[in-house]
Amino acid sequence: MDKNQQLEPYRKSHGEELLTTNQGVRVSNTDDSLKAGNRGPTLMEDFHFREKLTHFDHERIPERVVHARGFGVHGYFQVYESMAEFTKAKFLQDPSVKTPVFVRFSTVVGSRGSADTVRDVRGFATKFYTEEGNYDLVGNNIPVFFIQDAIKFPDVVHAIKPEPHNEIPQASAAHDTFWDFVVNTPETAHMIMWLLSDRAIPRSYRMMEGFGVNTFRFVNQQGKARFVKFHWKPLLGVHSLVWDEAQKLAGKDPDYHRRDLWDAINMGSYPEYELGVQMIEEEEEFNFDFDILDPTKIWPEEMIPVKRIGKMTLDGNVDNFFAETEQVAFHPGHVVPGIDFSNDPLLQGRLFSYLDTQLIRLGGPNFHEIPINRPVAPIHNNQRDGYHRMTIDRSSVSYSPNSLQGNAPTPATEAEGGYVHYEEKVEGKKVRQRSESFQDHFSQATLFWNSMSTAEKQHIIEAFHFEVGSVMDQQIKQWVVDMFNNVDGQLAVQIAAGVGATPPANPKSSGSAASSPTVSQENTIKTAGTRKVAILLENGYNHQEVSQVMEALTAAGVHSEIISKNLGMLTSVDGQQLEVGKNYVTTGSIKYDALYIPGGQQSINTLVMQGEALHFINETFKHAKTIGATNEGIDLLMTSAIQGVAMAGADTQAQVITEMGVVTIRNATDMKDFAKEFIHAIAQHRHWIRQNKKQMIPA
Ligand code: HDE
């Protein structure tokens, strides 16, 4: 059965029905409780009042202990070609099969009501409803983890969550307890580098990679196994916000990421991600200078290529957030034949924790019966009863072996699709120890640092200044400097300078250390598709100009929105009209990828007098986004703080000039060349060349 069909009986539309209690009794008044006299006390016998309030009092379930804030969407997955050589998983065999999926994106640290754009790891959890049962790929957008052994998970989470005495700060790692944990736990070094990079402030869930992090196994029909790591590669590329923007968005639109995803799906711009796998032969397990079971290590893509094996398309929003997004239960232990585990100690611990957490969060062992969690594969077993059991099991037999029912349900053989665990040979003493091969905590942190572009490095340094600068304890700040000197001496010197600590006496040289270019976002896919352009406009604008540019943007899949002082209609010089989408108080430059200022003398004369318009330009420039202006629109730019940038002057013969991502043209009636160049600039995402021009911009 199709997942969508399966959900159908549970969907309920609400129309013109008469109001009832939960027992189906019609209710005559739901605004006044039953009282002894109209100024008297409420009576116990008011069953409607009691039921309504009781239900309300119990509306909340515990939020997830981590990943509390999330957003779920439906979609489907299709494999490109049969993966039979590597795995017998049925959903990875036939390219014509569309496997339904439900994906929940999340932040890790904040509460359910926290902001989307905080600096944090993002969860990327996918439930595949396969014919052979549910398979959950519960990943993050950062490929490594803070710790190597799940027994330390409560420690790292307690350290990063708001401090227990005053519950401050919300959704932030920028406080003493977290950095105290970090300096005492050197294995965090690599993940800290990712967390302080642009990866932790994504532009959109649609522009984010996903990683299974842990090492799993693929097992084929012949029983041959290979180690595997999973990746999701977004077709829009990997892109991020800048920190100032992320902080402002957290105030102006705390729902920025969920709104972006919701809108994209509603508009039919379905996010797509390719599923990639890196595979290592069992015989090659020890051929690397890192342990392939260590979750603080990547398998550099240059060394072990990512094979793209299929594509996921997200094409459906939920009908009800609570029923679907809040109640969905992921678990790395939800696997299907052909996918198996490794001894990665983080994974082993996760295999316990996720099932356990559902018991408290969803109130018992029957959470698989909640519609969003039901497999499309049939369920037959002798499990019975428990809180909220929905199934009415008809047999008197609920045990095995049995003769009364011919021993049904009968265990399936491997040929019948029974899950048989990979027969890995295990021998050893019971020890509370970590392998020597897990002891190198800094080489890959250095590899990451060496792989960053100049702009990305600068962002990491600034993130250290914010995070560690927010720490009160001077000793911890110093220890951070000392710890990150093991990653790169110059990085440590720069951290020290920003946080008032002493630079390392012997800065470590990262000299000729290797790099992994694929971890840099500079090398990602660049497209203008689905980006949003703000157009600043007032009465007396040039309609021909605006409409030509808007048409070109639409043709390139770029969305645009008109922004003005007031909502309503604007009239052009030649009497045409356009509707304003947002005014300055309901939006801001931070909600757009680029800015366009069309000509029209009267429109520009008005805009020049508006502080909001100038702020819009300055802020767009500061955040390194594309700015375009045509004809008189350039005069507005000349009154802003970016007047020092070269722009098309009065004497140019309709020629496009692009300087630092500012695209201009004068004396032009045909907007074709401008639009082409403008769209190309938008596709670059950001123009980091402006990094050193920030001083031009007022705070
Ligand atoms: Fe999780 N993690 N985690 N985690 N995790 C949870 O399960 C846990 C880890 C991840 O959208 C919890 O249902 C342990 C790595 C995602 O519903 C909990 C360890 C990765 C989500 C839990 C880890 C993840 C969770 C909380 C070992 C990336 C959200 C609520 C140190 C591969 C799933 C819940 C959703 C959620 C435990 C580490 C990803 C408590 C013990 C590594 C995406 O069970």
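The values are calculated or read from the model by the stated rules, or taken from the named source; none is laboratory data. These numbers come from a predicted model, not from an experiment. In this analysis, Cβ positions are derived from the backbone assuming ideal geometry, glycine residues included, and neighbour counts consider all displayed protein chains. Just so you know, the surface numbers come from the protein's heavy atoms only, side chains and all, with ligands and any DNA or RNA stripped out. Shrake-Rupley method; radii C 1.70, N 1.55, O 1.52, S 1.80 Å.
Here are some notes:
- Part-to-part distance (alpha-carbon centres) for the range 273-303 and the range 164-197, which is given in Å: 27 Å
- The angle between the Cα long axis of helix 672-683 and the main principal axis of the chain comes to about 40°, on a 0 to 90 degree scale.
- Helix 454-469 vs. the chain, principal-axis angle (Cα, 0 to 90°, nearest 10): 70 degrees
- Cα centroid separation, the range 1-34 to the range 349-414: 28 Å.
- Taking a ≥ b ≥ c as the square roots of the eigenvalues of the Cα gyration tensor, an a/c ratio of 1.5 or more together with a/b larger than b/c marks the range 399-492 as prolate.
- Put Lys224, Lys229, Lys52, Lys98 in order of accessible area, highest first, and with a 1.4 Å probe you get Lys98, Lys52, Lys224, Lys229.
- Shape class of the range 148-209 from the Cα gyration tensor (axes a ≥ b ≥ c, square roots of the eigenvalues): oblate, since a/c reaches 1.5 or more and a/b does not exceed b/c.
- Per-residue Karplus couplings for the range 377-383, computed as 6.51 cos²θ - 1.76 cosθ + 1.60 with θ equal to phi - 60°, are listed in order as 6, x, 10, 9, 7, 9, 6 Hz, Gly and Pro entered as x.
- Each helix, a run of at least 4 DSSP H residues, gives -39500 (n - 2.57); summed and divided by the residues of the chain, these come to -7500 deg cm²/dmol at 222 nm.
- Our summary of shape: the Cα atoms of the chain have principal axis extents of 96, 80, 56 Å, ordered from largest down, in whole angstrom.
- The Cα atoms of the range 365-428 define a convex hull whose projected area, averaged across directions, is 7.3 nm².
- Volume of the convex hull of the range 20-373 (Cα atoms only), normalised per residue: 182 Å³.
- Sorted from longest to shortest, the spans of the Cα atoms of the range 259-304 along the three principal axes equal 48, 19, 17 Å.
- Ordered from highest to lowest accessible area with the whole protein assembly present and a 1.4 Å probe, Tyr80, Tyr419, Tyr273 read as Tyr80, Tyr419, Tyr273.
- Hull volume in cubic angstrom per residue (convex hull over the Cα atoms of the range 446-522): 76 Å³
- Counted by Cβ distance under 10 Å from Ile590, the other residues give a net charge of 0, where Lys and Arg count +1 and Asp and Glu count -1.
- Peptides 190-200, 56-66, ordered by how many other C-beta atoms sit within 10 Å of their residues on average, highest first, read 190-200, 56-66.
- Dividing the convex hull volume of the alpha-carbon atoms in the range 527-696 by its residue count gives 96 Å³ per residue.
- Here the relative contact order of the chain, from alpha carbon pairs under 8 Å that lie six or more residues apart, stands at 11 percent.
- Net charge contributed by nearby residues that have their C-beta within less than 13 Å of Gly417 (K/R +1, D/E -1): -2
- Three-way shape call for the range 592-670 based on the alpha-carbon gyration tensor, with the a/c threshold at 1.5: oblate
- Cα convex hull of the range 220-367 - mean projected area over all directions, nm²: 12.7 nm²
- Loop-located GluC sites (Glu not before Pro) in the range 296-345 (DSSP state other than H, G, I, E, B) with a sparse environment of at most 14 neighbouring Cβ atoms within 10 Å: Glu302.
- Rounded to 5, percent antiparallel among DSSP beta bridges of the chain: 75 percent
- Across the range 337-455, Cα pairs under 8 Å and at least six residues apart give a relative contact order of 19 percent.
- For the range 69-147 versus the range 479-524, the gap between their alpha-carbon centres in whole angstrom: 33 Å
- For the listed peptides 11-20, 329-338, 26-35, a ranking on the average number of other beta carbons within 10 Å per residue, highest first, reads 329-338, 26-35, 11-20.
- In plain terms, the chain from Ser435 to Asp319 could stretch by 37.0 nm, reckoned as 0.36 nm per residue minus the Cα-Cα distance.
- Annotation: peptides 556-562, 138-144, 500-506, ranked by per-residue average of other Cβ atoms within 10 Å with the highest first, follow the order 138-144, 556-562, 500-506.
- Based on Cα contacts under 8 Å between residues 6+ apart, the range 20-373 shows a relative contact order of 20 percent.
- Nearest 10 degrees, 0 to 90: helix 611-622 Cα axis against the chain principal axis: 60 degrees
- Estimated vicinal HN-Hα couplings, Hz - the range 540-550 in sequence order (Karplus 6.51, -1.76, 1.60; Gly, Pro = x): x, 7, 8, 5, 4, 4, 4, 5, 4, 5, 4
- Pair-distance distribution of the range 182-306: all C-alpha pairs, bin width 5 Å, starting at 0; shares per bin in whole percent are 2, 9, 14, 17, 16, 14, 12, 8, 5, 2, 0, 0.
- Using the Karplus relation 6.51 cos²θ - 1.76 cosθ + 1.60 with θ = phi - 60°, the per-residue 3J(HN,Hα) values for the range 55-61 come to 4, 4, 4, 10, 6, 8, 10 Hz, with x marking Gly and Pro.
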